[in-house]
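Asks: First, the structure itself, so that you have it in front of you.
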Amino acid sequence: MPYQKALVIMAAMGLAPACALAENSADPDTVIVTASRVAEKADQALAPVTVITREDIDRLQPRDLPELLAGLPGITVVSTGGPGKTTSLFMRGTNSDHMVVLIDGIKVGSATLGTTAYEQIPVDLIDHIEIVRGPRSSLYGSEAIGGVMQIFTKRGSADVATPAFSIGGGNYGSGKAEASVRGRYGNGGWYSAGLAGSTTDGINVQPASGESDHDGFRSASGTLNTGWTFADGSTLEAHYLRADSRNEYDGTYTNEAYNRQQMFGGTARFRPWQPWTVTLTAGQSQDFADSLHDTLVSDYAGGTTHNRGSINTYRDSYTWQNDLRFAAGQRVSVGVDFTHDRVGGDTDYDVHSRDNGGVYAQYQGRFGAHELQFSGRHDHNQQYGGHDTGSVAYVYHFSDALHAGASYASAFKAPSFNDLYYPYYGVADLQPESSHSVELDLGGNGTLAGGRWNWALNGYRTTVDQLIIYDATAYAPANIGRARILGAEAQLGAQLGRWRSQLSLNWLDPENRSDGSSDGNELPRRPRQSARLDIDYDWRAVSVGTTVLAAGQRYDDTANTTQLGGYTTFDLRAAYRVRPAWTLEMKAANLLDKDYQTAAGYASLGASWFFTLRYAPTR
C-alpha cells in the first residue's frame with residue numbers, strides 16, 4: 001500500500017549514514033519546565049519530551065497549530081474539514097480529552113467538551129512549545145493520562161523596542177497577517193504585544209451532505225505579556241491571550257459558529273531563603289461558543305443569522321508550589337492546586353460548576369550515573385471524591401551520550417460536563433477513568449562528522465479502566481471495562497553542516513477490552529503506524545525543505561465497521577532572505593493533492609500553496 005511504502009522509504013532515509021539529520025526534539029541544553037513543573041535541562045527530564053522552538057515554527061511554515069503537531073512522536077491529529085475546523089489530538093492512543101494543555105502556565109480548554117481548541121490557538125504568536133508524552137496526573141491531576149502540552153507565547157528580550165510583522169496569501173482564498181513588538185523597560189521590565197489574523201474560504205467540509213458550498217474560517221487573535229525581574233532575582237509576570245473566530249460548516253440546524261478562547265493570568269516567583277523557591281500562579285481560561293444558522297427556518301422570522309445556542313465555560317486555577325534544594329542533585333517539590341470550573345450560556349446543564357483541589361509532592365535525585373524521580377498526588381473532586389495517583393522513574397547514564405530508563409505511572413480523569421449533563425446526551429452515573437502505564441526508553445546523542453545526532457526508542461503499555469467512549473447504539477457516552485494500548489516510538493535526528501532533519505516513527509496497538517461486542521476491536525481514529533520526516537537545507541540566503549507525513553489505516557467507529565485508508569502527504573517549502581531582516585517564504589502543502597480523511601465523511605485540504613513576506617530584525 002502507498003503509505004506502507006512511504007514508511008519504508010522514510011525509515012531508510014532516516015537511517016542512511018549519508019543523510020544528515022537535524023534535531024527537532026529537545027536540545028540537551030534547552031531549559032524546560034513542563035516535565036516536572038520545575039526548570040531543568042532537557043537531558044535531565046525523566047520523561048520523553050519534544051520541544052518546538054520559534055526557529056522550528058518559522059522553518060516549517062505551518063498555517064496553524066494542528067499542522068505543526070501532526071505526526072510528531074506519539075501524536076495523532078484528526079481534523080473535521082481543514083483549517084479552522086474542529087481538531088482532536090490523540091496522545092499515545094489515549095482519548096482526545098486525555099491531554100492537559102497549558103498556555104503560559106494556565107490550564108486551558110473547554111470544561112464541557114473536555115478538550116482544547118487547538119485550531120484556534122494562533123501559531124504566529126507562539127514562542128515555543130513543550131510536549132511531555134505519557135501520564136502526568138501525579139503532578140497535574142485529572143486529564144493527564146496521555147500527556148501534557150505547554151504553549152509559551154512570545155516575550156520581550158531585546159533592550160530596545162523590536163517590531164516584527166508578516167503578511168501572506170495563497171489559494172482557497174487564504175490570507176493572514178501578524179504584527180508584534182517586544183522589548184524591555186526600566187532596570188528589569190520586559191513586554192511583548194502581538195496581533196494576528198487569518199482568513200480562508202475553505203473547502204466543502206462534508207461532500208456527502210448535499211451542500212456544495214465552501215466552508216470558510218476567519219480568526220483574529222492578540223497577546224499581551226509583561227514582567228519584571230527584581231534585584232534579588234524575584235520575578236513577576238502577567239499574560240493575556242484572546243482568539244476570536246468565525247467558522248462555517250455543513251448542517252441543517254446549525255452551520256456557523258462563533259468561538260472565543262481567552263486566557264489571562266500571572267505568576268510570582270521568589271526565594272524566602274536560598275534553597276527555597278516559592279511560585280504562585282493564578283489565572284482564568286474561558287471558552288465561549290455560539291452556534292448559529294445563516295438562513296431562515298420555519299420557527300424564526302426576520303434576519304439572516306440566528307443564534308441556536310451558546311455554551312460558555314470558565315476555569316479559574318490557582319497554584320502554590322515550593323521547591324527545596326537541600327543537597328547537590330537533590331530536590332523536593334510540594335504544591336497545592338485548586339481549579340473551579342463553571343458553565344454559562346443558554347444550554348441547560350443540571351450541574352453548572354465543579355471544584356477540584358489537589359496536593360502533590362515530588363522528589364528528584366541524582367547519584368552519579370543514577371537518576372530517580374518519585375511523585376504522588378491526592379485530588380479531591382467535588383463530584384467524585386478522592387483520587388490518588390503516583391509515578392516512579394529511573395534512568396541510568398552509561399555515559400553522557402547514552403542512557404536507559406524505566407518508569408511507572410497512574411493517572412485518572414473525571415468525566416466532562418458534556419459526558420455527564422449535556423441535554424439528551426449526558427449520562428450522570430458515568431465513572432471516572434483511571435490508567436496505569438509502564439515505559440522503557442533508550443536514547444543517546446553524539447557527534448557525526450563534525451555535526452550532532454540524537455536518537456531515542458520508547459516502548460510503553462497503558463491500560464485504561466472505565467474508558468469513556470461514544471456508544472453509537474445509545475447515542476450517548478459510556479464506560480467500557482478496559483482498553484489496552486501498546487505503543488513504540490523511534491526518533492532519529494542529526495545536524496551536519498547545512499543539512500538537518502528529523503525522523504519520527506510511531507507504532508500503536510489500541511485495543512478495546514470490554515465485555516461487549518467490541519471486545520478486541522481497535523479504538524477508533526488511531527492509526528497503527530505513522531511517520532514524519534523533516535529535511536531542510538540552508539545555503540547562504542536560501543533554505544529549502546520538505547515534510548513527508550504517512551499514516552496507516554484506521555477505523556472511525558468503535559464497532560470497526562467504517563475503515564479509513566492510509567495516506568501519505570508531501571510538503572515543500574523555501575525561504576529567501578532578501579535582506580537580513582526581510583524574508584520571502586513559500587510553502588506547497590499536500591503537493592500530490594492526496595484525497596484522504598482522518599474522520600469519516602470529512603474532507604481534508606487538497607494541494608495548497610502559500611506565500612509569506614516576513615520582517616523580523618534581530619537585536
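The values are calculated or read from the model by the stated rules, or taken from the named source; none is laboratory data. This one's a predicted model, so the numbers in the text were calculated from it and none came from an experiment. With ideal geometry, Cβ positions are generated from the backbone for all residues, glycine too; neighbour counts draw on all protein chains shown. Areas reflect the complete protein model, heavy atoms only, side chains present, ligands, DNA and RNA absent. Shrake-Rupley method; radii C 1.70, N 1.55, O 1.52, S 1.80 Å.
Asks: Please find, within region 473-498, the residue that is nearest to K413 (Cα to Cα) out of those that are in a loop (DSSP other than H, G, I, E, B) and open to solvent by 30 Å² or more (accessible area, probe 1.4 Å).
Replies: G481
Asks: Going through region 393-407 one residue at a time, which ones are without any contact (Cβ under 8 Å) to a residue 40 or more places away in the chain and buried (at least 16 other Cβ atoms within 10 Å of the Cβ)?
Replies: H397
Asks: Listed residues A177, A161, A111; which is at pLDDT 95 or above and either surrounded by fewer than 20 Cβ atoms within 10 Å (Cβ to Cβ) or not β-branched (V, I, T) (or both)?
Replies: The unique qualifying residue is A177.
Asks: Just to be sure I understand the filter: pairs with C-beta atoms under 7 Å, separated by 6 or more residues or on different chains, first member in region 50-62 and within 22 Å of G443 (Cβ to Cβ), second member part of a loop (DSSP other than H, G, I, E, B). Which pairs pass?
Replies: T50/S25; T50/A26; T50/L72; T50/P73; V51/S25; V51/A26; V51/T30; D56/N24
Asks: Here's something else I'd like to know. Identify all residues within region 187-199 that are open to solvent by less than 30 Å² (accessible area, probe 1.4 Å) and touching a Gly at 6+ places or on another chain (Cβ under 6 Å); write none if there are none.
Replies: Matches in region 187-199: W190, S192.
Asks: In contact (Cβ under 8 Å) with a residue 40 or more places away in the chain, in contact with a Gly (Cβ under 7 Å, 6 or more places away or on another chain) and among the hydrophobic types (A, V, I, L, M, F, W, C), is that true of L125?
Replies: Yes; evaluated as a whole, the condition is true for this residue.
Asks: Which residues, counting only those in region 328-363, are over 22 Å from P415 (Cβ atoms), over 26 Å from the mean Cα position of the chain (by Cα) and open to solvent by less than 50 Å² (accessible area, probe 1.4 Å)?
Replies: Passing the criteria: G329, Q330, R331, V332.
Asks: Okay, moving on. Of everything in region 77-107, what is over 10 Å from the mean Cα position of the chain (by Cα), closer than 20 Å to P135 by Cα and in a strand (DSSP E or B)? Give them in sequence order.
Replies: Across region 77-107, the qualifying residues are I103, I106, K107.
Asks: Of the residues I485, I468, I480, which single one is closer than 22 Å to W507 by Cα and among the β-branched types (V, I, T)?
Replies: After applying the criteria, what remains is I485.
Asks: Would you check which residues across region 346-361 are touching an Asp or Glu at 6+ places or on another chain (Cβ under 9 Å) and in contact (Cβ under 8 Å) with a residue 40 or more places away in the chain and list them?
Replies: Within region 346-361, R354, N356, G358, Y360 meet the criteria.
Asks: Only one residue in Y258, Y240, Y249 is in contact with a strand residue (DSSP E or B) (Cβ under 6 Å, 6 or more places away or on another chain), under 26 Å from I311 (Cβ atoms), among the aromatic types (F, W, Y) and modelled with pLDDT of 95 or more. Which one?
Replies: Result: Y240 is the single residue among Y258, Y240, Y249 that is in contact with a strand residue (DSSP E or B) (Cβ under 6 Å, 6 or more places away or on another chain), under 26 Å from I311 (Cβ atoms), among the aromatic types (F, W, Y) and modelled with pLDDT of 95 or more.
Asks: Residues to consider are A428, A411; find the one that is at pLDDT below 95 and out of contact with any Lys or Arg (no Cβ under 6 Å at 6 or more places or on another chain).
Replies: Selected residue: A428, the only one of A428, A411 that is at pLDDT below 95 and out of contact with any Lys or Arg (no Cβ under 6 Å at 6 or more places or on another chain).
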